[in-house]
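Trainee: Below is one structure. I have some questions about it.
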Protein chains: 2
Amino acid sequence: MRISEGVEWGIHCCTLLAALPPDRTLPSARLAEYHGVPPAYLAKHLQALSRAGLVESVPGPRGGYRLARSAAQITVLDVVEAIEGNEPAFECTEIRQRGPIAQAPECYPRKCGVARTMWAAEAAWQAALRAQTIDDLVAGVIEEAPPAALTAGVEWLRQAAR
Amino acid sequence: MRISEGVEWGIHCCTLLAALPPDRTLPSARLAEYHGVPPAYLAKHLQALSRAGLVESVPGPRGGYRLARSAAQITVLDVVEAIEGNEPAFECTEIRQRGPIAQAPECYPRKCGVARTMWAAEAAWQAALRAQTIDDLVAGVIEEAPPAALTAGVEWLRQAAR
DNA sequence: GTCCCTATACTCGGATAGCAAGTGTCCGAGTATAGGCGG
DNA sequence: CCGCCTATACTCGGACACTTGCTATCCGAGTATAGGGAC
């Protein structure tokens with residue numbers, strides 16, 4: 001069980017886009033440059049964020065990406081599911097209904113207890129991610145980031161934004 | 001993010017081994033037959049459970065597997081980590097320290113806020129799995145399983161146990 | 001009849017192929033801009 | 001001088017290779033048993 005590297009990139013990109021002035025956009029190449037990651041591969045993940053409706057894309061020169069809604073209305077879970085997909089991590093194959101002692105399917109009205117346990121844990125995981133918004137993360141960055149990085153970041157963003 | 005199929009098999013195997021009379025063993029091939037899964041592949045996962053110290057293996061004829069400790073002392077998390085490994089699902093690559101505005105490493109005393117959020121969610125997931133023991137699952141099966149399957153299962157186990 | 005030895009059959013354990021999904025990259029479709037041209 | 005047109009350059013979006021890890025399988029090392037033979 002491993003979470004894709006793209007999730008980390010996607011969250012960081014959203015936090016940076018949250019710091020963008022309204023009605024401005026930031027191209028994919030600039031986002032990659034800011035984070036020091038491969039531009040082509042980051043573009044792939046940004047497409048996923050766009051498909052999920054978390055960011056808007058503007059084509060052409062002076063185009064780029066911006067958040068589709070307020071940073072306070074985008075949860076970390078939104079980003080994770082946009083990148084990783086929203087299918088459950090645990091898939092029950094109903095092996096209790098296989099093998100020599102299996103009964104007819106209608107004898108198993110409730111879901112398998114193993115699956116219920118795994119899904120309950122997954123729900124707890126999702127709840128924790130849903131409780132945290134991109135806005136919360138931005139606040140944390142402003143709170144904790146090195147002051148020099150903050151000023152440099154703001155200046156960098158001012159020049160890179162379109 | 002996808003949980004290996006072996007996790008499901010491992011948990012079901014532990015619940016079946018919990019129903020085994022004390023000091024009896026069940027061979028890998030019988031476990032596979034009971035659950036209707038490929039024997040050779042299940043054997044691989046049982047090795048992982050053995051390495052993790054959750055089950056004991058007895059070699060030779062009349063050999064097989066049995067739980068290494070009480071079913072009440074084996075949590076679902078134990079089984080999941082035995083199969084999937086105990087490394088965190090989210091790995092922080094510290095991309096905040098990359099790119100043009102990165103500062104010296106000593107300027108980042110705390111862990112990245114993104115990583116803290118992801119790890120907190122993972123901790124909630126683990127806590128949910130740690131709260132559930134194999135014994136709890138067995139109780140659930142006895143409670144909910146079709147009566148015919150229960151009696152057939154006990155009889156099957158009586159003949160298959162060594 | 002009893003004890004010992006040997007061959008057997010059955011178990012686990014690790015080493016070995018095959019395949020799907022994540023990782024990484026590229027090029028084409030579309031658009032706002034900038035410059036040139038005509039009025 | 002002003003407006004329009006065209007070529008350009010830059011953006012996103014989807015299609016195409018490569019690598020890692022999960023899926024699946026097999027064979028070898030080790031051991032308790034069962035049978036046969038010797039005493």
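The values are calculated or read from the model by the stated rules, or taken from the named source; none is laboratory data. Computed from a predicted model, the values in this text were never measured in an experiment. Here Cβ is always computed from backbone atoms with ideal geometry, including for glycine, and neighbour counts include all displayed protein chains.
Trainee: Applying the selection to the stretch A:143-158, what residues are more than 7 Å from chain B (Cβ to nearest Cβ) and either in a helix (DSSP H, G or I) or exposed (fewer than 15 other Cβ atoms within 10 Å of the Cβ) (or both)? Spell out how you get there, then give the answer.
Mentor: Step one: of the stretch A:143-158, the residues more than 7 Å from chain B (Cβ to nearest Cβ) are A:143, A:145, A:147, A:150-151, A:154-155, A:157-158.
The answer is A:143, A:147, A:150, A:151, A:154, A:155, A:157, A:158.
Trainee: Every residue in the stretch A:1-36 that is more than 14 Å from DNA strand D (Cβ to nearest atom) and among the β-branched types (Val, Ile, Thr), please.
Mentor: A:7, A:11, A:15
Trainee: Among all residue pairs at least 6 apart or on different chains, which show Cβ distances below 7 Å where the first residue, located in the stretch B:1-13, is modelled with pLDDT of 95 or more and the second is buried (at least 18 other Cβ atoms within 10 Å of the Cβ) and small (Gly, Ala, Ser)?
Mentor: Cβ pairs passing all conditions: B:3/A:89; B:10/B:82.
Trainee: Can you work out which of the residues in the stretch A:52-81 that are within 13 Å of chain B (Cβ to nearest Cβ) and within 13 Å of DNA strand C (Cβ to nearest atom) is nearest to residue A:20 (Cα to Cα)?
Mentor: Across the stretch A:52-81, the extreme among qualifying residues is A:80.
Trainee: Across the stretch A:53-75, what is the total count of residues that are near DNA strand D (Cβ under 10 Å from one of its atoms), among the hydrophobic types (A, V, I, L, M, F, W, C) and at pLDDT 95 or above?
Mentor: Number of matching residues: 1.
Trainee: Still on this model: When you go through (1) within 14 Å of chain B (Cβ to nearest Cβ); (2) within 10 Å of DNA strand D (Cβ to nearest atom); (3) surrounded by 14 or more Cβ atoms within 10 Å (Cβ to Cβ); (4) over 30 Å from residue B:144 (Cβ atoms) one by one for residue A:41, which number turns out not to apply?
Mentor: (3)
Trainee: Shifting gears a bit: May I ask you to list pairs of residues, at least six apart or on different chains, whose Cβ atoms are under 7 Å apart, with the first in the stretch B:17-36 being more than 14 Å from every other protein chain (Cβ to nearest Cβ) and near DNA strand C (Cβ under 8 Å from one of its atoms) and the second being aliphatic (A, V, I, L, M) and not in a helix (DSSP H, G or I)?
Mentor: These pairs meet every condition: B:25/B:58.
Trainee: Buried (at least 17 other Cβ atoms within 10 Å of the Cβ) and more than 8 Å from chain A (Cβ to nearest Cβ), is that true of residue B:117? Don't jump to the end; show me each part of the working.
Mentor: Values: buried (at least 17 other Cβ atoms within 10 Å of the Cβ): yes; more than 8 Å from chain A (Cβ to nearest Cβ): no.
It is false that residue B:117 is buried (at least 17 other Cβ atoms within 10 Å of the Cβ) and more than 8 Å from chain A (Cβ to nearest Cβ).
Trainee: Here is a follow-up. Output the residues belonging to the stretch A:88-114 that are more than 7 Å from every other protein chain (Cβ to nearest Cβ) and more than 23 Å from residue B:132 (Cα to Cα).
Mentor: Residues satisfying the conditions are A:102, A:104, A:105, A:106.
Trainee: Are any of the residues in the stretch B:132-142 closer than 23 Å to residue B:36 by Cβ, part of a helix (DSSP H, G or I) and not hydrophobic (A, V, I, L, M, F, W, C)? I'd like the intermediate steps shown before the answer.
Mentor: First, pick out the residues of the stretch B:132-142 that are closer than 23 Å to residue B:36 by Cβ: B:134, B:137-138, B:140-142.
Still in the running and part of a helix (DSSP H, G or I): B:134, B:137-138, B:140-142.
Subset that is not hydrophobic (A, V, I, L, M, F, W, C): B:140.
Among the residues of the stretch B:132-142, at least one is closer than 23 Å to residue B:36 by Cβ, part of a helix (DSSP H, G or I) and not hydrophobic (A, V, I, L, M, F, W, C), which makes the answer yes.
Trainee: Please count how many residues of the stretch A:75-94 are surrounded by 19 or more Cβ atoms within 10 Å (Cβ to Cβ) and more than 17 Å from the chain's Cα centre (by Cα).
Mentor: 1
Trainee: Moving on to the next point. Right, residue B:124: surrounded by 15 or more Cβ atoms within 10 Å (Cβ to Cβ), at the interface with chain A (Cβ under 8 Å from one of its Cβ atoms), within 25 Å of the chain's Cα centre (by Cα) and of a type outside the set (Lys, Arg) or not? So that I can check it myself, show each step before the final result.
Mentor: Values: surrounded by 15 or more Cβ atoms within 10 Å (Cβ to Cβ): yes; at the interface with chain A (Cβ under 8 Å from one of its Cβ atoms): yes; within 25 Å of the chain's Cα centre (by Cα): yes; of a type outside the set (Lys, Arg): yes.
Yes: the conditions hold for residue B:124.
Trainee: Tell me whether the stretch B:56-74 contains one or more residues that are within 29 Å of residue A:77 (Cα to Cα) and crowded, with 16+ Cβ neighbours inside 10 Å. Give the steps one after another, and end with the answer.
Mentor: Step one: filter the stretch B:56-74 for residues within 29 Å of residue A:77 (Cα to Cα), giving none.
Looking for residues that are within 29 Å of residue A:77 (Cα to Cα) and crowded, with 16+ Cβ neighbours inside 10 Å, one finds none in the stretch B:56-74, hence no.
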